[in-house]
Each structure stands twice: as structure tokens, then as C-alpha cells.
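Participant: Quick one: the structure is below, and I'll ask about it shortly.
The values are calculated or read from the model by the stated rules, or taken from the named source; none is laboratory data. Because the structure is predicted, anything quoted here is derived from the model rather than measured. Reconstructed Cβ throughout: ideal geometry from the backbone, glycine too, with neighbour counts over all protein chains shown.
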Amino acid sequence: MAASFDFNQEDLERHTCRTWQEGDWIILQCTQCDFLRRMNWKTGALKIDQSGEPQIMHSAQHRGQKIALDVGSMN
């Protein structure tokens with residue numbers, strides 16, 4: 001039996017991350033908690049260095065492009 005969850009994202013706390021690039025990796029770091037991820041812009045690989053608080057929605061932009069960050073736990 002599949003479980004179903006209904007989240008009202010409007011009620012969730014939101015943090016904005018700062019970004020910078022190191023080689024093929026875009027680094028995304030929250031200035032309000034320990035959230036830290038690395039995304040390889042060539043391969044799409046995503047590494048979670050620090051997951052931060054799971055109840056907080058994180059967003060970022062890098063060079064004008066919006067980056068989706070809360071897509072589950074991928075390593």
C-alpha cells in the first residue's frame with residue numbers, strides 16, 4: 001500500500017542559498033543553516049555535503065538560472 005503525503009509548501013520556512021562555481025561544480029550554501037550541496041553542471045550529479053533542516057525549503061540562482069534544491073535525498 002502506497003503512502004500519500006500532502007504538504008502545504010506555503011507554510012514552510014524558506015532559505016535562499018548563495019552559489020559559486022569550482023570547476024564543473026556549482027556550490028550551493030545556505031547562509032541561515034548548515035545546508036550545503038554541490039551540483040555538477042555537466043553531468044547533473046548532486047552531492048549532499050550537509051542536508052540542513054528537512055522542513056526548510058531552499059532555493060538558489062546561479063548566473064540567473066533558478067536551481068531546484070529540494071528534490072529528495074540524492075547523493
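Participant: Please go through segment 52-75 and give me each residue that is surrounded by 13 or more Cβ atoms within 10 Å (Cβ to Cβ), modelled with pLDDT of 75 or more and not in a strand (DSSP E or B), ordered by number.
Facilitator: Correct list: Gly52, Glu53.
Participant: Cys33 versus (1) modelled with pLDDT under 85; (2) touching an Asp or Glu at 6+ places or on another chain (Cβ under 7 Å): which is the lone unmet condition?
Facilitator: With (1) modelled with pLDDT under 85; (2) touching an Asp or Glu at 6+ places or on another chain (Cβ under 7 Å) applied to Cys33, the lone miss is (1).
Participant: Same structure, new question: I need every pair where a residue in segment 26-40 that is farther than 15 Å from Lys66 by Cα and of a type in the set (Ser, Thr, Tyr) has its Cβ under 9 Å from the Cβ of a residue that is modelled with pLDDT of 90 or more and surrounded by fewer than 16 Cβ atoms within 10 Å (Cβ to Cβ), sequence separation at least 6 or different chains.
Facilitator: Between residues of segment 26-40 that are farther than 15 Å from Lys66 by Cα and of a type in the set (Ser, Thr, Tyr) and residues that are modelled with pLDDT of 90 or more and surrounded by fewer than 16 Cβ atoms within 10 Å (Cβ to Cβ), the close pairs are Thr31/Arg18.
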